[in-house]
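Below: the structure, in C-alpha cells.
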Amino acid sequence: MYRLFVSGLAHSDLDDIVSHIALQLASPIAAANFLDEVEKCYGYLKSNPLMYERCHDAFLEKEGYRKATIKNYVLIYK
C-alpha cells in the first residue's frame, strides 16, 4: 500500500468545490456524493497510483502527472 499526501492547497480546493456544490448549487446530497467519490479515488491511489491515465498536457505528462476524473472535476496528481 502506498502513502497518499494531499497538500493543504488541495484540501482547500476540495473544501471550496464541496461548498460550491452544497451552497451555490443548493445540492448538499450531491456534495456529499462527490466527497465520497473523492475518498474512493484516494483509496484507489493508495492501492495502485498508476491506475489512472497520464495527463495529455505535454508539460504535465513530461513531469509524470496523472489525472483522475471525478464527476465533472479532474484530480491531477503525481
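Each reported figure results from applying straightforward, stated rules to the coordinates on display, with no laboratory input. A quick note: this is a predicted structure, and the numbers were derived from the prediction, not measured. Using ideal geometry, Cβ is built from the backbone for each residue, glycine included, and neighbour counts are taken over all protein chains shown.
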For the chain, calculated [θ]222 nm from helices alone, where every DSSP H run of n ≥ 4 adds -39500 (n - 2.57): -15000 deg cm²/dmol
Proportion of all alpha-carbon pairs of the chain beyond 21 Å (%): 32
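Cβ neighbours within 10 Å, averaged per peptide: list 4-16, 56-68 in order, most packed at the top.
Numbers: 4-16: 10.6, 56-68: 12.5.
Going by the mean number of other Cβ atoms within 10 Å, highest first, we get 56-68, 4-16.
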Between H11 and A30, what is the label-to-label distance in nm when each label sits 7 Å out along the Cα-to-Cβ direction? 2.7
